[in-house]
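All of the numbers you see were taken from the coordinates with simple rules; none came from a lab. What you are looking at is a predicted structure, and each value in this text was computed from that prediction instead of being measured. With ideal geometry, Cβ positions are generated from the backbone for all residues, glycine too; neighbour counts draw on all protein chains shown.
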Amino acid sequence: MLPTVDESARAVLFLKHNEIIGEMLYTEFEAVLDAFIPLPNFASQSLQAVYIELNHRFHLTVAVFFLIDFDHQGFADRGWNLPIQQLVDSAAKGPDLGSGPIRLACYTQCPVQWHQRSLWDPDMSPGRNDFTLIQRTIEANKMGVAFKKVVADSPPVADAIPTLTSVEERRLERGWLEELESELKAKLYRSFRNRLANTLKKQRLRLATLRNKQQKRIELLNRDHQARVDQYRTQIADLQTDLETQKSLSEQVKQTLDNQTHKMSQLRQFFEERLKSTRYTNDEQIQLLNQQFEAESQARVESATKNLKETVQLREIELMYLTEQQSNLLDEITSLKHENAKLQEFSGDRVIDKLSASGISFIAYQVGLGHINVNRDELTEYTQNPEAFAAAKCGVSLPTYRSWLDHFSKPRCQAIAKNGNVCNRTIPKINSPLDFHSGESDRCDEHRENKVVNFRFGQ
């Protein structure tokens with residue numbers, strides 16, 4: 001059904017690398033959201049899109065810049081439930097594109113805070129202005145947008161001919177040129193002021209978008225830095241553990257070698273004394289001693305062999321018992337899997353699916369993230385470990401996030417003072433996990449400087 005000249009036409013554009021790669025009417029986009037129509041060209045992609053409204057002059061009046069994901073078949077993400085109409089109704093003013101300031105909703109100018117992560121900022125740099133690109137696409141009208149023309153009754157010719165009254169004649173006589181000049185000056189002044197205000201709004205919006213882009217870039221760099229710091233700390237801890245292990249093994253080997261050396265020395269001394277005592281005995285005594293030594297050796301060997309056989313038998317019995325126990329455990333695991341599958345058939349996932357299909361979104365609050373959207377596929381991960389979920393969203397490791405939580409709830413120095421107690425001095429609070437570094441951000445200036453000095457001099 002075509003809109004009238006008093007109504008607005010609605011459409012959705014898809015952008016990638018500052019280019020329009022797809023455009024459709026909003027009714028077609030609703031069919032895509034309802035999984036009636038796939039878009040194979042957008043399969044397995046996360047795209048930038050913009051919801052637009054245009055008037056009968058083909059001027060942009062409303063723009064909502066949002067993000068949307070598509071699966072491997074080209075269907076839109078089933079968990080996508082951004083309330084576009086709510087964002088449009090509460091959107092703030094944007095730049096003037098020919099029919100007054102538009103209503104704009106984007107990442108920088110988001111009227112609903114917890115939907116900010118689902119929006120993006122347009123590029124307003126010269127030569128890459130997204131608003132100019134959108135306006136050109138609207139003017140090209142490849143979607144075939146049309147409006148109904150309302151034919152108004154033409155006024156009678158007699159009524160259309162103006163007549164001069166006595167008052168207007170007196171105005172002309174008193175100097176209508178001066179009044180016309182003053183009216184033109186006022187009109188030009190208002191036009192210049194409106195253009196200046198519109199230019200200032202555009203520049204403020206552009207500065208805000210650039211500031212957000214730089215902030216996102218800084219956050220990415222902080223995440224990368226934090227990940228590398230955690231990786232280096234883990235490597236250092238592993239190396240220290242290996243070093244301690246090697247030192248312990250070296251001490252054990254050294255101690256064993258000393259004990260063996262001492263025993264060899266005692267045996268050498270013992271046999272030397274035995275040789276000295278038997279040097280002057282006859283051959284029968286030597287032979288008797290040799291037989292006695294062989295008998296003792298044989299007895300020791302038989303005793304050691306018997307002990308080893310008993311040990312092997314015990315190990316075989318233990319292995320048989322472990323094998324039987326492993327078989328029982330495997331049977332129990334199989335039974336538990338069947339029971340788990342049966343339980344999952346009657347679990348609450350169906351209720352959650354119905355809630356998600358009804359457009360109900362799950363919003364949680366986490367320190368460091370604020371209000372966040374939890375998709376249906378992320379509910380299990382969030383309920384099992386909210387802290388790990390929040391740490392992953394912040395881009396830090398779980399130990400770092402927990403250390404930051406302790407610091408955020410109690411911003412005090414955790415260094416050990418010379419008296420052996422915790423310093424516990426009040427320090428500035430770090431509001432973002434990405435800016436927190438354990439061992440540095442939770443130290444006061446004194447202990448942080450001491451740590452730097454100790455690190456430089458290898459103390």
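General observations
- Anisotropy class of the stretch 284-438 from Cα gyration tensor, a/c 1.5 cut: oblate
- Rg(Cα) / (2.2 N^0.38 Å) computed for the stretch 1-63, rounded to two decimals: 1.22
- Cross-link partners of LYS393 among lysines (Cα-Cα below 28 Å; sequence separation of 8 or more within a chain): LYS16, LYS213, LYS216, LYS354, LYS410, LYS429
- Candidate cross-link partners of LYS276 among the lysines, defined by an alpha-carbon separation under 30 Å and a same-chain spacing of 8 or more, comprise LYS263.
- Across the stretch 24-131, Cα-Cα pairs farther apart than 22 Å form 36% of the total.
- Tensor-based shape of the stretch 204-248 (alpha-carbon gyration tensor, a/c under 1.5 rounded, otherwise prolate or oblate): prolate
- Sparsely packed loop sites in the stretch 4-85 (the chymotrypsin sites (Phe, Trp or Tyr not before Pro) outside DSSP H, G, I, E and B with at most 13 other Cβ atoms within 10 Å) comprise PHE36.
- Looking at the stretch 17-86, the GluC sites (Glu not before Pro) that sit in a DSSP loop and have at most 14 other Cβ atoms within 10 Å of their own Cβ are GLU19.
- Shape class of the stretch 68-148 from the Cα gyration tensor (axes a ≥ b ≥ c, square roots of the eigenvalues): oblate, since a/c reaches 1.5 or more and a/b does not exceed b/c.
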